[in-house]
1. If you scan region 107-117, which residues turn out to be touching a Ser or Thr at 6+ places or on another chain (Cβ under 8 Å) and either free of Cβ contacts under 8 Å to residues at least 12 places away in the same chain or closer than 14 Å to ILE130 by Cβ (or both)?
2. Which of the strands (runs of 3 or more DSSP E) found entirely inside region 23-115 contain at least 1 residues meeting this: more than 14 Å from the chain's Cα centre (by Cα) and at pLDDT 95 or above?
3. Can you find a residue that is of a type outside the set (Val, Ile, Thr) and touching a helix residue (DSSP H, G or I) at 6+ places or on another chain (Cβ under 8 Å) anywhere in region 117-129?
4. Suppose we filter region 50-80 for residues that are in contact (Cβ under 8 Å) with a residue 40 or more places away in the chain, of a type in the set (S, T, N, Q) and out of contact with any Gly (no Cβ under 8 Å at 6 or more places or on another chain); how many remain?
5. In this structure, does ILE83 turn out to be in contact (Cβ under 8 Å) with a residue 12 or more places away in the chain, buried (at least 21 other Cβ atoms within 10 Å of the Cβ) and within 12 Å of the ligand (Cβ to nearest atom)?
6. Would you check which residues across region 104-137 are within 16 Å of the ligand (Cβ to nearest atom) and among the aliphatic types (A, V, I, L, M) and list them?
7. I'd like to know if region 142-159 contains one or more residues that are within 16 Å of the ligand (Cβ to nearest atom) and β-branched (Val, Ile, Thr).
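The values are calculated or read from the model by the stated rules, or taken from the named source; none is laboratory data. All values derive from a computational prediction rather than experimental measurement. Neighbour counts run over all protein chains shown; Cβ positions are idealised from the backbone, glycine included.
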Amino acid sequence: MATHTIVTIAGSLRKESFSLKIANALAKLAPASLKLEVVTPHGISNFSQDEEAAPPADWLALREKLQKSHGVLFVTPEYNRSIPGVLKNVIDVASRPYGKSSFMGKPVGIISNSPGPLGGVNAAKHLQNILPGIAGPIMGQPETYLNGVGDAFDDKGHLIKESLQKVLQQYIDAFAAFVEKQNR
Ligand SMILES: Cc1cc2nc3c(=O)[nH]c(=O)nc-3n(C[C@H](O)[C@H](O)[C@H](O)COP(=O)(O)O)c2cc1C
């Protein structure tokens, strides 16, 4: 039975998003100790400090989901050498109220991806810069920047690239051990 729930944030709104497909593949590959709850930026209102006194229901639901979790896993695409704005909005929403970030203390995993050759490494590096003040420890190894993901899935969204499956399995097994250690 799963003992640790991981909010897995796929940072794209695209219907056929590779990030979402990778997050769903990870949910299937996860060992029995982990339950991955895959979410996307859909439905999260734009952050505005003006609304902090009476936050919209979607902000509160996101924050509650994160607070109840045992860890957070980001699966991010790269937009213009950074993370997509919609993912930054999710992070901004979850980071408030000031000093009460819903990510606080949660072990974090980061996977970037791209159909291109560089694997979205800059997006992953930007997350590594953004998160330390508002989240728990970030797993350092294995560093995972997935390139060439364009041919990794069939038209039903199933993972068909064996080399990618192997890398994802290694990552999620390592993350399960990391989460276990951090939640002891
Ligand atoms: C606005 C925009 C900027 C992009 N910038 C980058 C980039 O900097 N590096 C990269 O590897 N791919 C870039 N891409 C291509 C994305 O990697 C590709 O569209 C990918 O499929 C998006 O992720 P998703 O499949 O999860 O939606 C960009 C795409 C868009 C729409």
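1. To start, the set of residues in region 107-117 that are touching a Ser or Thr at 6+ places or on another chain (Cβ under 8 Å) comprises 110-113.
Result: ILE110, SER112.
2. Working: elements: 34-39, 71-76, 108-113.
In region 23-115, the matching strands (runs of 3 or more DSSP E) lie at 34-39.
3. Applying the first criterion (of a type outside the set (Val, Ile, Thr)) to region 117-129 yields 117-120, 122-129.
From what is left, the residues that are touching a helix residue (DSSP H, G or I) at 6+ places or on another chain (Cβ under 8 Å) are none.
Within region 117-129 (the criterion being of a type outside the set (Val, Ile, Thr) and touching a helix residue (DSSP H, G or I) at 6+ places or on another chain (Cβ under 8 Å)), the answer is no, since none of the residues qualifies.
4. Count: 1.
5. On the way: in contact (Cβ under 8 Å) with a residue 12 or more places away in the chain: yes; buried (at least 21 other Cβ atoms within 10 Å of the Cβ): yes; within 12 Å of the ligand (Cβ to nearest atom): yes.
Against the criterion (in contact (Cβ under 8 Å) with a residue 12 or more places away in the chain, buried (at least 21 other Cβ atoms within 10 Å of the Cβ) and within 12 Å of the ligand (Cβ to nearest atom)), ILE83 qualifies.
6. ILE110, ILE111, LEU118, VAL121, ALA123, ALA124, LEU127
7. Yes: region 142-159 contains one or more residues that are within 16 Å of the ligand (Cβ to nearest atom) and β-branched (Val, Ile, Thr).
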